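Down below is the structure, laid out as structure tokens.
The values are calculated or read from the model by the stated rules, or taken from the named source; none is laboratory data. Given the structure is predicted, the values throughout are model-derived calculations rather than measurements. Note that each Cβ is placed from the backbone with ideal geometry, even for glycine, and that neighbours are counted across all protein chains shown. Please note that ligands, DNA and RNA were not included when accessible areas were found on the heavy atoms of the full protein model with its side chains. Shrake-Rupley method; radii C 1.70, N 1.55, O 1.52, S 1.80 Å.
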Amino acid sequence: MDKKRLKNLFQQLTVDEKIAQTVQLNGSLVAEYDVMNTGPMENLGLPEDLNIYEVGSIYNVNDFQKLKELQEKALESSRLKIPMLFMSDVIYGFRTIFPMPLAQAGSFDFDLIKEAAEVTAKESYLNGLHVLFSPMIDLVRDPRWGRVMESPGEDVYTAKRFAKSVIDGYQGEISETIDEDHVAACIKHFAAYGAPEGGREYNTVDMSNQRLFNEYLQPYQAAIEANTRLVMTAFNVLNGEPASGSKWLNRDILRKRYGFDGVLVSDHAAIKELIPHGYAKDTRDAAVKGLEAGVDFDMMTAIYAKELPELVKEQHFMELLDEAVWRILELKNQLGLFENPFRGLDQANTGEILTEKSKEIATALVEKSCVLLKNQGALPLKKDQKIAVVGPYGNSHLTIGFWASVSGNPKDAVPLKEGLLAELPEEKLCFARGYNMFDSYDAFGPLKAGIELLNGPIEAEEKLLTEAKEAAEEADVIVFTFGEQFLESGEGASKAHLGLPEKQIRLLDELKTCGKPIVGVLYTGRPLILTDIEDHFDSLLLAWYPGTMGGKGIANLLTGKANPSARLAMTFPRSEGQIPIYHAQLSTGRPLTSDHSDRFISKYRDESNEPLFTFGSGLSYADFEGTWQTAKAEKEAITFDFKVKNLTEIAGETVVHIYLKQRPASIVRPVRSLVASQIVSLGEHEEKECRVQLMIKELQVYDNYGNTIDSSGEYQFELDVLGKKEIISITL
Ligand code: BGC
């Protein structure tokens, strides 16, 4: 409807009706649906006269029949027929589950990431969802934190590009409205949620403003420029203020500085958590702080519902409430809900879900997301080799990762066995479980039976080990699948130890004694510490949580049908003591040079300064080489010209990185920071001329007050092709 009619509707709302619009509840509260719930489930204490079907939004109900019923009830209950907004934790796929975001980011294929997001939007739309609680674009540099899997990783440039691709895919063309087949994005978690002290979930974040402005805030800013319609606040305290109650963060930075005019939703119960943070003295104070910070939706607490009726008797709070409600109504209007409250639901048609086309996109993204970390010739596998596939991931559906269980179904996931059988002769393949993925199924509660059925009964470890060894003895090459099970990462899964469990190491040691080449295939939600076992592998492929088409894409990579090209989006440390460790570090005044014997330089006595695999690592079955041609600055952009050559007869793609080298400035800059990337596809011995443009404003640096610093002078850019580097200089 046009703005005038919307205003008119808004003016007819009573205060109670307005307050109800700011309440957001989980599906489990309205209809006792079994939905993902990530916080304490005590009785919220909602006011008795609040009609639950009149609240502004319900989230994490993903069944279109139930959503239809809910919308019907909402329209019956609401005097002015205001439809409900349906949101959900769809993070990397609705039913077609794509590789987890940290994996996707490593593809550096931002067009394909956008295509995947389009599939997610369409599947979500067809199931009646309006808003997705993603992309999560918190920078992450600490693999102890369980949520690194949901993020595009440690690098600012990568996170910015990822944010834009996903938002474009979800929302479609930038316009006033969000059209059919699309949904609104809700970026999260504003701000700096990915940097909790010690990597411990929900913990404090404390960082300099220059780091905030130059690094952590950058992906959110890019998301706002890409027109994200919603932003979610963060649980953490940031520099002394809880993010969900910070006026500075949410009004001064988010709204005024970055120009965000969409809906701000609190994270789960974050308004209430202002009290245990010691920031609000009681629920009334928490409501004041939330509203003053500009938080429009109060997710999963009764605080706005209970406290606002009294508070808004004061004009100042009434104005703030009006602001919040207006933004919520505008979003409903942008989605066309006043014209069609059953948007998407009226076409709910499961036939368009998990289509051949979406599976193709998912397979391509798996092939481009798995990182070849090491290859001494054991890969690709050869058709005439006898192959023992050892480890539970050799034949498992549990490869979609933590969040995908909200709307996805592990049963849809293609196990590696199925993928390999499609590529290799059956008689050459042998599968052995090797160890139990879970020690018990108890942690699954009501899901226990389903998971047990999918994964099989728990067996004696000794028996599994013996069977695996027998299979390995018979084979020419061993494919060892290992890593984390899916509950070990995701929200609420911080870890202090990042090594492998004892039983996996013992099995690997035993396999090593067979004297056969070992190919490792690592399933994990985070970088693990592999330092002591890395030399056991002849080749190592990082599969992450690859999603629905994992088994197919990984089999294609292992057999050489597809050629790996991904580069790590997050560094693998050598040991926990090095954390945080990331490529864009600042240099110390005493950097480690070749003279390791000097005591008084920046180093560890008992560990190298280098990670095991740094950001950007990743091999190919081919070999490529890059050479600079020219770099020219004109008006607003720098144009880089370079050549890339395939040195082999194996066709493939390579992800070219361009890094800015450290330069003297009034704020110390990283030793190296990624500023551009490009995918180059080359046939055998082919050479191509390539061009990349970089907007000069992307090189802007901020001081601790958020002001830009003088950026004229000489710049050095490094062309990085498969880790081979070359420098070019330019004066701006
Ligand atoms: C998470 C959010 C999520 C929300 C709703 C919270 O615990 O931090 O990322 O969107 O729950 O489920």
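Would you mind finding the one in Thr233, Thr228 that is hydroxyl-bearing (Ser, Thr, Tyr), in contact with a His (Cβ under 8 Å, 6 or more places away or on another chain) and within 16 Å of the ligand (Cβ to nearest atom)? Steps first, answer last, please.
Numbers: Thr228 fails: in contact with a His (Cβ under 8 Å, 6 or more places away or on another chain).
Exactly one of Thr233, Thr228 is hydroxyl-bearing (Ser, Thr, Tyr), in contact with a His (Cβ under 8 Å, 6 or more places away or on another chain) and within 16 Å of the ligand (Cβ to nearest atom), namely Thr233.
For the stretch 134-165, residues that are in contact with a helix residue (DSSP H, G or I) (Cβ under 7 Å, 6 or more places away or on another chain), within 20 Å of Lys114 (Cα to Cα) and acidic (Asp, Glu) total 1. Condition check for Gly128 on (1) part of a loop (DSSP other than H, G, I, E, B); (2) surrounded by fewer than 24 Cβ atoms within 10 Å (Cβ to Cβ); (3) away from the ligand (no atom under 16 Å from the Cβ): one failure, at (2).
Taking the conditions (1) at pLDDT 95 or above; (2) of a type outside the set (Lys, Arg); (3) buried (at least 20 other Cβ atoms within 10 Å of the Cβ) in turn, Pro410 satisfies each one other than (1).
Quick check, is Thr204 open to solvent by less than 20 Å² (accessible area, probe 1.4 Å) and of a type in the set (Val, Ile, Thr)? Considered against the rule, which asks whether it is open to solvent by less than 20 Å² (accessible area, probe 1.4 Å) and of a type in the set (Val, Ile, Thr), Thr204 comes out as no. The single residue among Leu619, Leu674 that is assigned to a strand (DSSP E or B) and either in contact (Cβ under 8 Å) with a residue 24 or more places away in the chain or closer than 30 Å to Asp109 by Cα (or both) turns out to be Leu674.
From the list Pro457, Pro446, pick out the single residue that is part of a helix (DSSP H, G or I) and exposed (fewer than 13 other Cβ atoms within 10 Å of the Cβ).
Numbers: Pro457 fails: part of a helix (DSSP H, G or I).
Checking each option against the conditions leaves just Pro446.
Restrict the check to the stretch 541-563 and report whether at least one residue is among the basic types (Lys, Arg), touching a residue at least 12 places away in the same chain (Cβ under 8 Å) and in a helix (DSSP H, G or I). Yes, the conditions are met somewhere in the stretch 541-563.
Looking across the stretch 652-668, just one residue is among the aliphatic types (A, V, I, L, M) and more than 30 Å from the chain's Cα centre (by Cα), and that is Ala665.
Hey, can you tell me all the residues within the stretch 19-41 that are in a loop (DSSP other than H, G, I, E, B) and either more than 15 Å from the ligand (Cβ to nearest atom) or at pLDDT 90 or above (or both)?
Here is the first cut: in the stretch 19-41, the ones in a loop (DSSP other than H, G, I, E, B) are 22, 32-41.
Selection gives Thr22, Glu32.
Only one entry in Phe213, Phe190 is in contact (Cβ under 8 Å) with a residue 24 or more places away in the chain, among the aromatic types (Phe, Trp, Tyr), touching a Phe, Trp or Tyr at 6+ places or on another chain (Cβ under 9 Å) and away from the ligand (no atom under 15 Å from the Cβ), namely Phe213. Only a single item in (1) part of a loop (DSSP other than H, G, I, E, B); (2) open to solvent by less than 10 Å² (accessible area, probe 1.4 Å); (3) within 16 Å of the ligand (Cβ to nearest atom) is not met by Glu154, and it is number (3).
Has the stretch 468-480 got any residue that is outside any strand (DSSP E or B), open to solvent by less than 70 Å² (accessible area, probe 1.4 Å), away from the ligand (no atom under 16 Å from the Cβ) and not aliphatic (A, V, I, L, M)? Among the residues of the stretch 468-480, at least one is outside any strand (DSSP E or B), open to solvent by less than 70 Å² (accessible area, probe 1.4 Å), away from the ligand (no atom under 16 Å from the Cβ) and not aliphatic (A, V, I, L, M), which makes the answer yes. For the stretch 524-549, filtering for residues that are among the hydroxyl-bearing types (Ser, Thr, Tyr) and over 16 Å from the mean Cα position of the chain (by Cα) leaves 3.
Could you identify the single residue in Glu491, Glu510, Glu502 that is within 16 Å of the ligand (Cβ to nearest atom), open to solvent by 10 Å² or more (accessible area, probe 1.4 Å), among the charged types (D, E, K, R) and over 26 Å from Phe624 (Cβ atoms)? Before you say what the answer is, go through the steps one by one.
Working: Glu510 fails: within 16 Å of the ligand (Cβ to nearest atom); Glu502 fails: within 16 Å of the ligand (Cβ to nearest atom).
Exactly one residue qualifies, and that residue is Glu491.
The single condition among (1) within 16 Å of the ligand (Cβ to nearest atom); (2) part of a helix (DSSP H, G or I) that Val295 does not meet is (2). For the stretch 131-151, what are the residues that are within 15 Å of the ligand (Cβ to nearest atom) and either open to solvent by 10 Å² or more (accessible area, probe 1.4 Å) or among the aliphatic types (A, V, I, L, M) (or both)? If the condition is that a residue be within 15 Å of the ligand (Cβ to nearest atom) and either open to solvent by 10 Å² or more (accessible area, probe 1.4 Å) or among the aliphatic types (A, V, I, L, M) (or both), then Val131, Leu132, Met136, Ile137, Val140, Val148, Met149 are the ones that fit. Residue pairs whose Cβ atoms lie under 7 Å apart, separated by 6 or more positions or on different chains, with the first residue in the stretch 278-297 and of a type in the set (Asp, Glu) and the second buried (at least 19 other Cβ atoms within 10 Å of the Cβ), are Glu292/Leu320; Asp296/Thr22; Asp296/Val263; Asp296/Leu264; Asp296/Val265; Asp296/Ala324; Asp296/Arg327; Asp296/Ile328.
Residues in the stretch 125-145: is at least one in contact with a strand residue (DSSP E or B) (Cβ under 7 Å, 6 or more places away or on another chain) and closer than 19 Å to Asp206 by Cα? Yes: one or more hits.
May I ask you to list the residues in the stretch 310-320 that are outside any loop (DSSP other than H, G, I, E, B), open to solvent by 50 Å² or more (accessible area, probe 1.4 Å) and not polar (S, T, N, Q)? I'd like the intermediate steps shown before the answer.
Of the stretch 310-320, the ones outside any loop (DSSP other than H, G, I, E, B) are 310-311, 315-320.
The next check asks that each one be open to solvent by 50 Å² or more (accessible area, probe 1.4 Å); those that pass are 310, 315-316, 319.
Residues satisfying the conditions are Glu310, His316, Glu319.
Counting the residues of the stretch 56-70 that are within 15 Å of Lys332 (Cβ to Cβ) and either within 16 Å of the ligand (Cβ to nearest atom) or of a type in the set (Phe, Trp, Tyr) (or both) gives 4.
Within the stretch 646-668, how many residues are surrounded by 20 or more Cβ atoms within 10 Å (Cβ to Cβ), in contact (Cβ under 8 Å) with a residue 60 or more places away in the chain and under 15 Å from Glu698 (Cα atoms)? Explain how you work it out, then say what you get.
So in the stretch 646-668, the residues surrounded by 20 or more Cβ atoms within 10 Å (Cβ to Cβ) come out as 646, 652-660.
The next check asks that each one be in contact (Cβ under 8 Å) with a residue 60 or more places away in the chain; those that pass are 652-659.
Imposing the further condition that a residue be under 15 Å from Glu698 (Cα atoms) reduces the set to 658-659.
Here the count works out to 2.
Among the residues of the stretch 321-362, those that are open to solvent by less than 10 Å² (accessible area, probe 1.4 Å), part of a helix (DSSP H, G or I) and out of contact with any strand residue (DSSP E or B) (no Cβ under 7 Å at 6 or more places or on another chain) comprise Leu321, Ala324, Val325, Leu329, Leu345, Ser358, Ala362. The residues in the stretch 240-283 that are open to solvent by less than 60 Å² (accessible area, probe 1.4 Å) and assigned to a loop (DSSP other than H, G, I, E, B) can be counted, and the count is 15.
Answer yes or no: is there a residue in the stretch 162-170 that is outside any helix (DSSP H, G or I) and within 16 Å of the ligand (Cβ to nearest atom).
no
Every condition in (1) outside any loop (DSSP other than H, G, I, E, B); (2) open to solvent by 60 Å² or more (accessible area, probe 1.4 Å) is met by Ala496 except one, and the failing one is (1).
When you check Phe297 against the structure, is it open to solvent by 10 Å² or more (accessible area, probe 1.4 Å) and either touching a helix residue (DSSP H, G or I) at 6+ places or on another chain (Cβ under 9 Å) or at positive phi (or both), yes or no? Before the answer, list the steps.
On the way: open to solvent by 10 Å² or more (accessible area, probe 1.4 Å): no; either touching a helix residue (DSSP H, G or I) at 6+ places or on another chain (Cβ under 9 Å) or at positive phi (or both): yes.
So Phe297 fails the test.
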